[in-house]
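Below is one structure; the comments refer to it alone.
A short reminder: the numbers here are calculations on the coordinates, not readings from a lab. All figures in this text were calculated on a predicted structure; none of them were measured in a lab. Positions of Cβ are backbone-derived with ideal geometry, glycine not excepted, and every protein chain shown enters the neighbour counts.
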Amino acid sequence: MNILVIIPAFNEEENISKLIRKIQEIKYKNKVDIVIINDQSTDETSSLCKKMYVDVLDLPCNLGIGGAVQTGYKFAALHNYDIAIQVDGDGQHNPEYIESLIEPILQGKSDMVIGSRYIEHQGFQSTGMRRMGIWYLKHLINILTGLKITDPTSGYRACNKEVIQIFASNYPKDYPEPESIMYIKRKGLIVSEVPVIMNEREGGESSINFNRSIYYMIKVSLAIVFDKIRKESF
């Protein structure tokens, strides 16, 4: 199996080297490659990654998380990877769970697998405001689709070749995680979760502040509802 870890990164010089080292040090059953999608960082993110001899795609302009992640899927599709795994560049996603993420795909039980911190409720559980948003979104997705996802905002996920091709062609742009779940569900594919333990960000700053959180909830809610309407209309 050809497996690729996609790491979108924007100004993650405080975290990225440690994350890459962790991924490289773990002995996986399958060979795991890494590609860094450098989203126009203004710090040393790109140069640090290149010094560690991993593939780096330096974007010519800042595309945001959706555009950066889709670039990773385009890279995966171009190079014919069987499985792609999203891992955030801030170090919150523990690479020890990569094999747990891909196992349901290897067994043919799932097309996309999400790493959820809310199955066993261990480790970093995010901020209070974000937990409220997650609670709201998981119930909205459940009401509209019947799908029970405990951690719809988790960017720690693995996808098979079919999902790679879909995301390479079309991927939500702003705060894409919940919307992409709806999209894959609409395609008739299987989405599942496995428990993971996440870490708190060690350095740098999150791009999500109070104002962005409000925008996030409104934008994602509308996107999810419109996706449901689109499915019923066609």
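Quick notes on this structure:
- Calculated diffusion of the stretch 64-162, Stokes-Einstein form, Kirkwood radius summed over Cα pairs, 10 °C and 1.306 mPa s, µm²/s: 108
- Within the listed set A168, A68, A84, the Gaussian network model of the chain (springs between alpha-carbon atoms below 10 Å) gives the highest mean-square fluctuation for A168.
- Cβ-based exposure ranking for D58, D88, D39, in which fewest neighbours within 10 Å come first: D58, D88, D39
- The lysines whose alpha-carbon is closer than 28 Å to the alpha-carbon of K22, local same-chain residues fewer than 8 away aside, are K31, K50, K51, K74, K109, K161.
- Alpha carbon Rg of the stretch 31-90, scaled by the compact-globule rule 2.2 N^0.38 Å: 1.09
- Compactness index (Cα Rg / 2.2 N^0.38 Å), the stretch 3-233: 0.95
- 3J(HN,Hα) along the stretch 152-158: x, 8, 5, x, 8, 8, 10 Hz, from the Karplus curve 6.51 cos²θ - 1.76 cosθ + 1.60 with θ = phi - 60°, whole Hz, x for Gly and Pro.
- With neighbour counts taken as other beta-carbon atoms within 10 Å, the residues V69, V54, V225, V220 rank, fewest first, as V225, V54, V220, V69.
- Degrees, to the nearest 10: 16-25 long Cα axis against longest axis of the chain: 80
- Counted by neighbouring Cβ atoms within 10 Å, the residues S17, S169 run from fewest to most as S169, S17.
- Residue with peak Gaussian network fluctuation, the chain [Cα springs, cutoff 10 Å], from L144, L57, L19: L144
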